[in-house]
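To keep things clear, I will list the structure first and then write my remarks on it.
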Amino acid sequence: MEKVGITIIGAGVVGLAIVHELAKSGRKDILVVEKNTRYGLETSSRNSEVIHSGIYYPKDSLKAKLCVQGRIKLYELCEKHKIPFRKSGKLIVSLDETEFEYLHKLKENGQQNGVEGLEIMSKNMLNQLEPNVSGYGALFSPETGIIDSEKLMHYFYHTSKEAGAIIVFDSKVIDIDRINSGYAVTIEKDNYKFETEILINSAGLYADEIAGYAGLNIDKLGYRIKYCKGEYFKINRNINIEHLIYPVPEKVSLGTHLVIDMAGGKKLGPNSIYVDSISYDVDESHKTDFYEKAVRYIPDITLDDLSPDTSGIRAKLQDEKDDFRDFIIKDETENGLAGFINIIGIESPGLTASPAIAEYVSRMVRI
Ligand SMILES: Cc1cc2nc3c(=O)[nH]c(=O)nc-3n(C[C@H](O)[C@H](O)[C@H](O)COP(=O)(O)OP(=O)(O)OC[C@H]3O[C@@H](n4cnc5c(N)ncnc54)[C@H](O)[C@@H]3O)c2cc1C
């Protein structure tokens, strides 16, 4: 069997950020195996492309720490390597006094997480900043921005290859066996097997399945992923709004918000619907629901302005009835699998956190 030092399963933004981090530190024996024909065809290209500031997550959680660190790293990377981004700023808009009170708690939480520049805005201040948005008041986050995620992945992919990493496509992992020197990995095509000393599982929506191949009891360990779909509807008219506009967050998501892309296009989304299987169709019958949510804070919008756009699926650990679940980033030594690193449940803010997840994992690899 052929041997490699480190294998990464999955070439989404997380797998690519990890290979980039490891390859730049000089390791030459790194392989990435991806089941699709190209990198980034799943969740990493089906999201809002927002660089989150880190307001929402509980203090000291991985989501909070890696979001704040990842955001700072992303802005540095973008500036240094000309990856398109815009620090557009974001407004979380409250619709009544109760929601406005909640914004004060969010501000405090964000400050505890190290988010800079958060500011509570009165109705008047909100109107001055965004005349086409209505609300009772808002929380302004100047550090939130948007990024061209395809260009980010392109950068990670090419620099990793230049540094000597091998990234192969059409290579679906279908089995993993523990062997003396590490792991034997089986690829579906030709039942090809190879050996790796360290195995990093960043398989996104399938990361629980991969953990199961390695022999872990995913239900007992709480690793089972629940698919939570998020649909988007495009706004077909130019509404003059400069900032990302969010409602106060819901239990399982940040709420259907106004997304602005790098070209200035605007869409609403994502909603959140738990599903049993993966399909990216957008249900047109959800249009009225999107409209009714949006018109509360963008009064100018009409039903005819909206048409179905894309969708993405969140790799959630949290069930509808669960409270907060953090990212799982873990070397499985205590479960008898030394050198097997699981990265599971990387829902939002996974894009933002990706460079910080990569640094965190590369420290585990060097231990
Ligand atoms: C609707 C939505 C909106 C979001 N908005 C934001 C946002 O605005 N900001 C933000 O920071 N985050 C956001 N996120 C989260 C972010 O998109 C994800 O955290 C991030 O893309 C996860 O990247 P990943 O590499 O873990 O997963 P993926 O992109 O899914 O990559 C995993 C890869 O593993 C491969 N793979 C799986 N199984 C195998 C196998 N058996 N063999 C080989 N390869 C395999 C897959 O083909 C895939 O390419 C959003 C997510 C969703 C769904």
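Every number in this text was worked out from the coordinates using simple rules, so none of it is lab data. What you see is a predicted model, and the numbers here were worked out from it, not measured in a lab. We place every Cβ from the backbone using ideal geometry, glycine too, and count neighbours over all the protein chains shown.
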(message) Please compute the contact order of the range 139-238 in relative form: average sequence separation of alpha-carbon pairs under 8 Å and at least six residues apart, divided by the residue count, as a percent.
(response) 16 percent
(request) Taking all pairs of distinct Cα atoms, average 1/r, flip it, and tell me the Kirkwood hydrodynamic radius of the chain in Å to one decimal place. (result) 21.2 Å
(message) Counting only helical runs of four or more DSSP H residues, what would the 222 nm mean residue ellipticity of the chain come to if each run contributes -39,500 (n - 2.57) and the total is spread over all its residues?
(response) -9000 deg cm²/dmol
(message) If I stretch the segment between Asp177 and Lys151 completely, what's the gain in nm (0.36 nm per residue apart, minus their alpha carbon distance), one decimal?
(response) 5.8 nm
(message) Counting only other residues whose beta carbon sits under 10 Å from that of Tyr75, what net charge do I get with K and R as +1, D and E as -1?
(response) +1
(message) Please give me the summed charge of the neighbours of Gly339: other residues whose Cβ is under 11 Å from its Cβ, Lys and Arg +1, Asp and Glu -1.
(response) -2
(request) Specify the angular offset, from 0 to 90 degrees and rounded to the nearest 10, of the alpha carbon long axis of helix 62-81 from the longest principal axis of the alpha carbons in the chain. (result) 90 degrees
(message) Just to verify a number: FRET efficiency for His81 and Leu303, C-beta to C-beta distance, R0 = 51 Å, to 0.05?
(response) 0.75
(request) Take the Cα atoms of the range 120-253, find their three principal axes, and give me the spread along each one in whole Å, biggest first. (result) 67, 41, 28
(message) 7 Å from Cα along Cα→Cβ at both Phe324 and Lys123: what's the point-to-point distance in nm?
(response) 3.2 nm
(request) Give the angle, between 0 and 90 degrees and rounded to the nearest 10, that separates the Cα long axis of helix 13-24 from the longest principal axis of the Cα atoms of the chain. (result) 60 degrees
(request) Would you pull out the residues with amide H under 5 Å of Thr310's amide H, same chain only if 5 or more places away, H placed 1.01 Å from N? (result) Tyr232
(request) Quick one: work out Rg over Rh on the C-alpha atoms of the range 236-292, Rh as Kirkwood radius. (result) 0.98
(message) Taking the alpha-carbon distance from Lys105 and a cut-off under 25 Å, which lysines remain once sequence neighbours fewer than 8 residues away in the same chain are dropped?
(response) Lys59, Lys63, Lys65, Lys87, Lys90, Lys123, Lys251, Lys293, Lys316, Lys321
(request) Could you rank the peptides 341-348, 73-80 by their average count of other C-beta atoms within 10 Å per residue, with the highest value first? (result) 341-348, 73-80
(message) Given contacts defined as C-alpha pairs under 8 Å and at least six residues apart, what's the relative contact order of the range 33-109, whole-number percent?
(response) 27 percent
(request) Just need the relative contact order of the chain here, percent rounded to a whole number, with Cα pairs under 8 Å and 6+ apart. (result) 24 percent
(request) Sum up the charges of everything whose Cβ sits under 15 Å from the Cβ of Val282, counting Lys and Arg as +1 and Asp and Glu as -1, but leave Val282 out. (result) -1
(message) Highest mean first, how do 40-53, 158-171, 226-239 rank when packing is the count of other Cβ atoms within 10 Å averaged over residues?
(response) 40-53, 226-239, 158-171
(request) Would you please report the Å³ per residue occupied by the convex hull of the alpha carbon atoms in the range 7-73? (result) 112 Å³
(message) Rounded to the nearest 5, what % of DSSP beta bridges with both residues in the chain are antiparallel?
(response) 70 percent
(message) Taking θ = phi - 60°, what integer Hz values does the Karplus form 6.51 cos²θ - 1.76 cosθ + 1.60 yield along the range 200-216, in sequence order, with x for Gly and Pro?
(response) 10, 9, 10, 8, x, 5, 10, 5, 5, 4, 4, 4, x, 4, 7, x, 7
